[in-house]
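Here is the structure we will look at.
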Amino acid sequence: MAPPIELDATLKELYELSGNHHGEIYLITVFPTAQAQTIPGLAACRKYAFQDGLWPKTGSIQARLFTQVLPQWLAMVAGQMKLVMFDLEQPGTDDVDQQARADTAEVLGQICERQRPTVIYVRNTSDIVLPPEAVLSVVSPLHCLEHLPALVPFDSQYRALSKRDLALSSVPTPPSTVIDTVLDDVDQVQEPRLRKTEVARILGVIEQTAPPFVIKFPQGRGGFGTLIVRSESERAETVTLLRPEIDNMLQQLNHSNRHLHPASLIVQKMVHGSTVALCMFLPKDGAPIISSCTDQLNDNQGHWEGSHIDYSQQSRLRDEVMPVAELIGAHLRRLGYYGPVGAEIMIGPNNEHFVVDLNARLTASHLLGFMKGHFSVDRGLNDAAILVPIVDISLREFKRKFSKELDEGRIVIAGWSHGPEGKLNVTAIVVAAEDMSGLNKLAERVHALKAVSSFASLPTS
């Protein structure tokens with residue numbers, strides 16, 4: 001039988017170390033979508049606009065990733081908090097999908113009882129009722145929850161997540177140009193003729209920029225808000241791809257969010273070097289608490305596909321990135337944010353350190369840092385990685401196929417959501433081994449189950 005997971009620390013404990021004087025924390029790790037509802041009870045974003053138009057249009061797969069698997073995965077480190085999970089509906093009915101609840105129970109049930117969050121299921125945001133003194137902690141601000149008290153004001157967290165704010169900050173970033181919309185009257189963005197002119201103006205800057213460079217939307221995730229342009233031909237393709245996306249972004253501008261600058265593009269010089277993905281907790285006061293430094297596993301277009309950690313290198317990497325972590329912390333505190341943070345740092349050929357991405361929230365890589373005791377100390381497993389395969393086998397079949405590795409604590413199921421008829425099941429799997437050779441072999445066995453090669457190649461539905 002697989003051993004219970006004991007984490008080195010939990011998010012609740014870190015908030016307490018930070019001097020959290022609030023009552024209970026209700027954690028919401030769901031990600032809403034920008035332009036369409038993934039599930040009936042979770043409205044698309046309006047005030048806190050972000051750009052997900054480049055994500056594959058995958059219907060139920062996207063819904064299960066953002067409302068089930070990622071919330072399970074991120075909540076693995078929560079500790080004894082209340083975790084709000086949104087119910088899925090049985091296809092074609094108004095009934096609650098009990099399989100989704102069972103999947104969440106299976107995943108979180110791996111954590112030892114004293115560190116396990118208590119799940120509260122809701123169907124709509126209106127179902128969320130907080131007791132006196134309780135507050136929300138969220139990974140993504142939701143306008144429909146603004147009436148509830150939060151650890152960090154939603155406006156502050158939104159700006160802390162903004163790539164525009166990062167580019168304009170004192171944090172070291174690659175040389176950047178911020179292209180803000182000139183349509184300052186929000187009524188103008190409803191006029192197709194004016195939007196067409198504005199899209200052409202913004203694209204004109206890109207057409208005059210010499211490759212290689214990177215284009216970023218102000219709010220994106222998983223690398224799908226970032227485009228890499230390496231050549232003239234790629235620039236032409238990118239301009240065609242961006243035209244409707246910029247038009248959609250302009251239409252997100254409204255009276256409630258104009259002060260947050262949701263309609264802009266960042267054009268950034270491409271820098272070369274090695275990358276470190278930093279996971280930390282920023283307390284209200286004092287130095288950042290770095291929990292891990294990992295390698296991001298990305299595809300050729302920079303889309304996130306997983307993370308790897310080498311536990312033997314953590315002390316050295318922490319010392320190396322701490323000066324940058326402190327600069328990040330100062331930037332986020334100026335915006336009024338504290339809590340979990342993820343950042344991607346590029347280390348240039350002359351040892352320059354550039355922050356190329358910043359996420360003021362729990363990230364997918366946080367879990368690896370909290371599992372050093374489980375993997376490295378208790379089992380001698382120095383290397384671990386998070387994989388996100390979409391598979392056509394059930395959780396029961398997966399457990400049977402990898403029963404030995406699960407019993408040895410080499411594999412941990414960080415997220416699972418069964419698809420209709422047991423097909424295209426969305427998963428998050430943590431694998432660990434004594435060294436990279438063993439890790440690669442185990443990862444290959446897991447990847448051999450993949451029903452699709454990557455999220456970018458998902459079938460639409």
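A search for C-beta distances below 8 Å between a residue of the stretch 89-103 that is assigned by the TED database to the domain that holds Asn124 and any residue that is of a type in the set (Lys, Arg), counting only pairs 6+ apart in sequence or on different chains, returns Val96/Arg123; Ala100/Arg64. Of all residues in the stretch 109-128, those satisfying the criterion of being out of contact with any helix residue (DSSP H, G or I) (no Cβ under 7 Å at 6 or more places or on another chain), part of a helix (DSSP H, G or I) and not charged (D, E, K, R) are Gln115, Ser126.
Restricting attention to the stretch 274-310 and to residues that are within 30 Å of Ala443 (Cβ to Cβ) and touching a Pro at 6+ places or on another chain (Cβ under 6 Å), the residue that is surrounded by the fewest Cβ atoms within 10 Å (Cβ to Cβ) turns out to be Phe281.
Ala160 passes every criterion in (1) of a type outside the set (Asp, Glu); (2) part of a helix (DSSP H, G or I); (3) assigned by the TED database to the domain that holds Asn248 apart from (3).
The rows are residues; the columns are (1) part of a loop (DSSP other than H, G, I, E, B); (2) in the same structural domain as Ala75 (by the TED database); (3) free of Cβ contacts under 8 Å to residues at least 24 places away in the same chain; (4) touching a helix residue (DSSP H, G or I) at 6+ places or on another chain (Cβ under 7 Å).
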residue: Val107; (1), (2), (3), (4): no, yes, no, yes
residue: Glu133; (1), (2), (3), (4): yes, yes, no, no
residue: Ser137; (1), (2), (3), (4): no, yes, no, no
residue: Cys144; (1), (2), (3), (4): no, yes, no, yes
residue: Ser156; (1), (2), (3), (4): no, no, no, no
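Of all the numbered requirements in (1) at negative phi; (2) surrounded by fewer than 18 Cβ atoms within 10 Å (Cβ to Cβ), Val84 misses one, and that requirement is (2). Scanning the stretch 417-434 for residues that are modelled with pLDDT of 95 or more and acidic (Asp, Glu) turns up just one, Glu434. The strands (runs of 3 or more DSSP E) found entirely in the stretch 219-327 that carry 2 or more residues being modelled with pLDDT under 95, among the aliphatic types (A, V, I, L, M) and closer than 18 Å to Val355 by Cα are 226-229.
Could you please let me know if Lys163 is in contact with an Asp or Glu (Cβ under 8 Å, 6 or more places away or on another chain), touching a residue at least 12 places away in the same chain (Cβ under 8 Å) and either of a type in the set (Lys, Arg) or on the phi > 0 side of the Ramachandran plot (or both)? Spelling it out, Lys163 is indeed in contact with an Asp or Glu (Cβ under 8 Å, 6 or more places away or on another chain), touching a residue at least 12 places away in the same chain (Cβ under 8 Å) and either of a type in the set (Lys, Arg) or on the phi > 0 side of the Ramachandran plot (or both).
Of the residues making up the stretch 68-96, those that are over 17 Å from Val139 (Cα atoms) and outside any strand (DSSP E or B) are Gln80, Asp87, Leu88, Gln90, Pro91, Gly92, Thr93, Asp94, Asp95. Residues in the stretch 124-140 that are at negative phi and more than 21 Å from the chain's Cα centre (by Cα): Asn124, Ser126, Asp127, Ile128, Val129, Leu130, Pro131, Pro132, Ala134, Val135. Here Val205 passes the criteria (1) assigned to a loop (DSSP other than H, G, I, E, B); (2) closer than 19 Å to Ala167 by Cα; (3) over 25 Å from the mean Cα position of the chain (by Cα) except the one numbered (1). Residue count for the stretch 5-35 satisfying the condition of being in a loop (DSSP other than H, G, I, E, B) and either modelled with pLDDT of 95 or more or crowded, with 19+ Cβ neighbours inside 10 Å (or both): 11. Going through (1) surrounded by 14 or more Cβ atoms within 10 Å (Cβ to Cβ); (2) part of a loop (DSSP other than H, G, I, E, B) one by one, Ala210 falls short only on (1). Of the residues making up the stretch 435-461, those that are at pLDDT 95 or above, surrounded by 15 or more Cβ atoms within 10 Å (Cβ to Cβ) and touching an Asp or Glu at 6+ places or on another chain (Cβ under 8 Å) are Gly438, Leu439, Leu442, Leu449. Please enumerate the residues belonging to the stretch 366-381 that are of a type in the set (Gly, Ala, Ser) and in a loop (DSSP other than H, G, I, E, B). The answer is Gly380, and nothing else.
The values are calculated or read from the model by the stated rules, or taken from the named source; none is laboratory data. Because the structure is a prediction, the values reported are computed rather than measured. All Cβ positions, glycine included, derive from the backbone under ideal geometry; neighbour counts span all protein chains shown.
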